[in-house]
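Input: a single structure, listed below in structure tokens.
The values are calculated or read from the model by the stated rules, or taken from the named source; none is laboratory data. Please read all numbers here as calculations on a predicted model, not as lab measurements. Because the Cβ atoms are built from the backbone with ideal geometry, glycine has one as well, and the counts that use them run over all protein chains shown.
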Amino acid sequence: MRTQLISGTRKQRTDRSVFKNGSQVWLRLSVTSIFSVDGTKEEIIQYFQELTKIAHDLGYVVDGDVNTMFFEQNGANYDDLSVFKEMGIDILRMDVEMIPNKNVK
């Protein structure tokens, strides 16, 4: 699977053409930094819903980098990852270990 890195900053909104161009050369995984987007919880969710819809429509899997601060600010925990599902994120990658030796359910 070829990978494309997408910036998650609201100032540089990702254009559909970035995904379309990548999909034409068989890119299928997009990696984005979830915690780099500023805004309210609702604004962040909406931003990623739009981003992941574009990506999914073009056949991408979306991998989101996240950290524990984002978890705390947005009400997520290792037993409740629903905020990421709502965003359309397919894979989560933690920047730091949240709880040693604990797997999410």
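Listed values, structure above:
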quantity: Looking only at segment 66-80, and only at residues there that are in contact with a Phe, Trp or Tyr (Cβ under 8 Å, 6 or more places away or on another chain) and surrounded by fewer than 18 Cβ atoms within 10 Å (Cβ to Cβ), the one that is nearest to T32 (Cα to Cα); calculated: N67
quantity: Condition check for F19: farther than 14 Å from D90 by Cβ, modelled with pLDDT of 65 or more, assigned to a helix (DSSP H, G or I) and touching a Leu at 6+ places or on another chain (Cβ under 6 Å); calculated: yes
